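Enquirer: Quick one: the structure is below, and I'll ask about it shortly.
What follows draws every value from the coordinates through simple rules; no lab data is involved. Just so it is clear, the structure is predicted and the values come from calculations on it, not from any experiment. All Cβ positions, glycine included, derive from the backbone under ideal geometry; neighbour counts span all protein chains shown.
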């Protein structure tokens, strides 16, 4: 399995720049897990200590939004943020910070084969291969930065639309 996994890791941008030996050793700490369609992989709010890499399938990432429906009534709704496919990582914040509260829910939209790396195993790996560990963390940081930029752009668009809508709805006086 490790040879097959290291070949897959080589094709994933998060592992860019890591040499053959580093990929082989990273493959050895990957745990292959499978989830049927509809299965919850991680729950928003739970503690996490690992990162997931999609090998096959599609995973939807969503957050819970509380809406005020009527006076005194609040309803929770799931808001889909993104659908991820082969080669995508999720759960990276808990991985980087050893353990952290999950900020979203991940559900398998299709049967999914994932690779899971626990932060404790990665720490052991990093102690013996600083360069490969640095490259992986740097690549993950770049992914997080891209996601943050997109989120910032979405927030600007939404606040602009909301501002325009509210200005049109305001009574003229």
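Enquirer: Restricting attention to region 28-41, does a residue exist that is in contact (Cβ under 8 Å) with a residue 40 or more places away in the chain, in contact with a helix residue (DSSP H, G or I) (Cβ under 9 Å, 6 or more places away or on another chain), crowded, with 17+ Cβ neighbours inside 10 Å and outside any strand (DSSP E or B)?
Expert: yes
Enquirer: Additional query: Residue under question is residue 48, and the condition is that it be within 20 Å of residue 13 (Cβ to Cβ) and surrounded by 15 or more Cβ atoms within 10 Å (Cβ to Cβ); does it hold?
Expert: Here the answer is no, as residue 48 does not meet what is asked.
Enquirer: Just one of 102, 138, 83 is without any contact (Cβ under 8 Å) to a residue 12 or more places away in the chain, under 19 Å from the mean Cα position of the chain (by Cα) and either over 19 Å from residue 15 (Cα atoms) or surrounded by fewer than 15 Cβ atoms within 10 Å (Cβ to Cβ) (or both); which is it?
Expert: 138 is the lone residue from the list that is without any contact (Cβ under 8 Å) to a residue 12 or more places away in the chain, under 19 Å from the mean Cα position of the chain (by Cα) and either over 19 Å from residue 15 (Cα atoms) or surrounded by fewer than 15 Cβ atoms within 10 Å (Cβ to Cβ) (or both).
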